[in-house]
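Enquirer: Below: one structure in structure tokens.
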Amino acid sequence: MKILILVIYSNTEAYNQMLEIQRRYIHTNNNFDVYFVTFDNNQIEEIILIDDIIYVKGEESLINILYKTIQGFNYLIKILNYKYDYVVRSNISTLINLNNLYKFLDLSPRNLFYSGGRLENMSWPLDKTEICKSKQHMRYDFYKTQFIQGTCIILSIDIVNFFISNQHLIEYDIVDDVKIGLLIKEYFPDVYNNLNIVQKAYMTYNNFDPNCIFIRNKSENRIFDTNLMALFVDILLN
């Protein structure tokens, strides 16, 4: 079983520190290929791979996160023809217990699988920054939409291949995790209807549990988050 982990990332001081912390651990398991994906609007090429970072031409924004996600999938799976059973889309401030993730996926369905660390039920209007300018009037239209929180999204490769093959159908108009939920609802209704019962990956918040799969590090203080991540990586490496 081979798994791709694609980590969304942007070039800021705090995230660059988190990148180096992630790199101390994230490449230690041969069952996983791990790449970070970010935007660079100054590059000439549409997409560049340098070491473990995929650079996509474009501007960083909440609306554009799904675009760089799909472009990362497309580059690795279609252009480079890398083979995977699952794809995990995470973010730079979330640590992953690789051994626990592998055990979780080894017991998961190989097809039509959409899961992650937390299932959200849209009970609030999208923020103005989470929906494109032309659709601001639709901020309240997604009440009760279910989606896997973008901190850690798991997709079987058949769903990822559908997204790659049907990029022309995807509008990058809504924040990424909600949009993925809406795409699943439209094109994989049986998967969407089973979101409440599908197995979820155990996630903790700002604390380490040896049984957890994802550790989300997010507070009001990024220095605190960075220091905590470094501590947790030390634990994972020992």
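Enquirer: Put +1 on the Cβ of each Lys and Arg and -1 on the Cβ of each Asp and Glu in the chain; which of Ile170, Trp124, Tyr192 then has its Cα farthest toward the positive end of the dipole?
Expert: Tyr192
Enquirer: Please list log₁₀ I(q)/I(0) at q = 0.10, 0.11 Å⁻¹ for the chain, using the Debye equation with identical point scatterers on the alpha-carbon positions.
Expert: -0.44, -0.54
Enquirer: Next question. Of Ser10, Tyr75, Gln136, which is farthest on the positive side of the dipole of the stretch 3-237, counting Cα position, with +1 on Lys and Arg Cβ, -1 on Asp and Glu Cβ, and the Cα centre as origin?
Expert: Of the options given, the answer is Gln136.
Enquirer: Also: Given charges of +1 on the Cβ of Lys and Arg and -1 on the Cβ of Asp and Glu, with all other atoms neutral, how large is the dipole of the chain about its Cα centre, in debye to the nearest 20? The partial results should precede the final answer.
Expert: Numbers: 22 positive and 27 negative charges, 91 e Å.
Roughly 440 debye for the chain.
Enquirer: Let me ask something else about it. If the reach is capped at under 16 angstrom between alpha carbons, list the aspartates and glutamates near Lys144, excluding any in the same chain fewer than eight residues apart.
Expert: Within reach: Glu120, Asp127, Asp177, Glu186.
Enquirer: So, one more: Consider just the alpha-carbon atoms of the stretch 143-238 and return their Rg together with their Dmax, both in angstrom.
Expert: Taking only Cα atoms of the stretch 143-238, I get Rg and Dmax of 16.5, 45 Å.
Enquirer: What FRET efficiency, computed as 1/(1 + (r/R0)^6) with R0 = 25 Å and r the Cβ-Cβ distance, is obtained for Asp173 and Lys2, rounded to the nearest 0.05?
Expert: Details: r = 32 Å, r/R0 = 1.29.
Rounded to the nearest 0.05, the efficiency is 0.20.
Enquirer: Sequence neighbours fewer than 8 away in the same chain don't count; with that in mind, list the lysines whose C-alpha is under 23 Å from Lys68.
Expert: By straight Cα distance, Lys68 reaches Lys2, Lys57, Lys78, Lys83, Lys128, Lys133, Lys135, Lys179, Lys185, Lys218.
Enquirer: Normalised radius of gyration for the stretch 58-130, please: alpha carbon Rg relative to 2.2 N^0.38 Å, two decimal places.
Expert: On the way: Rg = 15.1 Å, N = 73, 2.2 N^0.38 = 11.2 Å.
Working it through for the stretch 58-130, the quotient is 1.34.
Enquirer: Run the numbers for Glu20 and Trp124: contour at 0.36 nm per residue of separation, minus the present Cα-Cα distance, in nm.
Expert: Working: separation 104, 0.36 × 104 = 37.44 nm, distance 3.51 nm.
Taking 0.36 nm per residue and subtracting the Cα distance, the gain is 33.9 nm.
Enquirer: Please compute the contact order of the chain in relative form: average sequence separation of alpha-carbon pairs under 8 Å and at least six residues apart, divided by the residue count, as a percent. It would help to have the intermediate numbers written out before the result.
Expert: Working: 418 pairs, mean separation 55.3, N = 238.
Relative contact order comes out at 23 percent.
Enquirer: Something else: Quick one: of the DSSP bridges fully inside the chain, what percent are antiparallel, nearest 5? Before the final figure, lay out each step's value.
Expert: On the way: 19 of 38 bridges.
About 50 percent, rounded to the nearest 5.
Read the figures in this text as sums done on the coordinates, not as results from a lab. Just so you know, these numbers come straight off a predicted model, no measurement behind them. Glycine gets a Cβ as well: all are built from the backbone with ideal geometry, and neighbour counts include every protein chain shown.
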